[in-house]
Structures are given as C-alpha cells and as structure tokens.
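In what follows, a structure is listed as structure tokens, so that the remarks can point back to it.
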Amino acid sequence: MPNEIGEKLKAMREARRLTLKQLGDKVGCTGAHLSQIEKGHTSPSIATLKKIAQALGVNIVDFFDHDEEESEPVVMKVADRRDMSVRKWDARIQQLVRSTRGKLIQPFYTVVPPGGGSKESYTHAGEEFGIVLKGTLTLTVGGTTHAVASGESFYYSSRTPHDWINSGEEDVEVVWVISPPSW
C-alpha cells in the first residue's frame, strides 16, 4: 500500500474519463502535479486532497477505503481500525468505523507526536467535535489558539480555518468526530 492514494486517484479519474489536465483544471492545480501524486512521487496536502475528492464527487476516506462489502460491526476491534494518515500531517489517524457510507458522522482516533500536527490551516464543510484523552492539543480556530487539555473537549464549524499541533513533550491522543463525513 505504499501509493494507495495515487492508485485510487488514478482509478477514480479514469473511471470518470477525465484527463489529468481536466481534473487539474477542476482542482486548481496542474496535470503534472496530479501525475506526480498518482505515481507516488509526491503527497498531496490535505487541502489539495479535499479539492480532488470534491472534484471527483467522493470523500477523502474513499482514497483509503478497501472496498469491503462486509456489514458494519457493532464493536470495532483495535486491530480492525484503518490507518488514515496523510503524509503532510504528522499524526497517526485511525478511522473508528469500517465505512462512512450512509453515516452522518465520521469518528477518528488520532495520536499526535510531539511537534506533530496538521502543518497548515484548512477548511471544509461541516462541524467537528473532539475530546482529548491524553496530553494537550494546541488547536487554532479562526485565528484564536486554544490549549485543550486531557479530559477537555472542543467543537467548531469546519468552515472556519483551523489547524492543530502538539506543542508538548508527550503524545496527544484525541477522539475526533466530523459531521458530515468528509474524509
């Protein structure tokens, strides 16, 4: 799975009979840049990946989905979680449900190492809620920075520019919920 995003991107683009240039025009980047992503030579930023997903009519999670037709389990075992990390982000993000198809929320378990984080501010449709399980997450929403400590929660509109970082010296663990599913 070294180039899962690129392989899925190419398959989705070709299924829609779009050239690299046509998709690039929709996304606001060059066909050459998309080609580099498809070949695994570069990793898209989360903002670019969201634009690509929107242009293709999919959610970001579809770049990671393993096309399983299994029914959704009531209990998701730790071993069954799917890693949803994006290389531009320094965090391990795991999806807490098998699929987001037909769901109104999308929960994640996120571990942010010291100095890790989103690396850039971003926006998307919807709302976000989270609770910090361990450590302190530095969360900036709309230009205001918040230190969210263990046991504390947060909630904001995803349309407001936001980013997050671990400014501490230990891993930060967060349960993050996005509605509607946009990953």
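Counted over all Cα-Cα pairs of the range 4-58, pairs farther apart than 16 Å make up 26 percent.
Between the residues Gly126, Gln106, Thr138, the greatest Cα displacement towards the positive end of the dipole of the range 98-138, with unit charges on the Cβ of Lys, Arg, Asp and Glu, is found for Gln106. Quick check: Cα centre of the range 114-135 to Cα centre of the range 93-110, how many Å? Cα centres, the range 114-135 to the range 93-110: 15 Å. Along each principal axis, taking the top coordinate minus the bottom one, the Cα set of the range 30-180 gives 40, 39, 26 Å in descending order. Of the residues Phe63, Ile46, Gly31, the one whose Cα sits farthest towards the positive end of the charge dipole of the chain is Gly31 (charges of +1 on Lys and Arg Cβ, -1 on Asp and Glu Cβ, taken about the Cα centre).
Relative to the Cα centre, the charge distribution of the range 4-58, modelled as +1 at Lys and Arg Cβ and -1 at Asp and Glu Cβ, gives a dipole magnitude of about 160 debye.
A Stokes-Einstein calculation at 10 °C with viscosity 1.306 mPa s, built on the Kirkwood radius of the range 95-183 over Cα pairs, returns a diffusion coefficient of 121 µm²/s. Within the chain, the longest run free of exposed loop sites, counting GluC sites (Glu not before Pro) that sit outside DSSP helix and strand states (H, G, I, E, B) and have at most 16 other Cβ atoms within 10 Å, spans 1-67.
About its Cα centre, the chain has a charge dipole of approximately 720 debye under the convention of +1 per Lys or Arg Cβ and -1 per Asp or Glu Cβ, with nothing else charged.
Helix 46-56 axis versus longest C-alpha principal axis of the chain: approximately 40°, rounded to the nearest ten. Between Arg81 and Thr160, the FRET efficiency estimated from the beta carbon spacing at R0 = 45 angstrom works out to 0.95. Counting only Cβ charges, +1 for Lys and Arg and -1 for Asp and Glu, the dipole size of the range 78-179 around its Cα centre is about 520 debye.
Taken together, the values in this text are just the output of simple stated rules run on the coordinates, not laboratory data. Since the model is a prediction, treat every value here as computed from it, not as a measurement. Ideal geometry is used to build each Cβ from the backbone, glycine not excepted, and the neighbour counts take in all protein chains shown.
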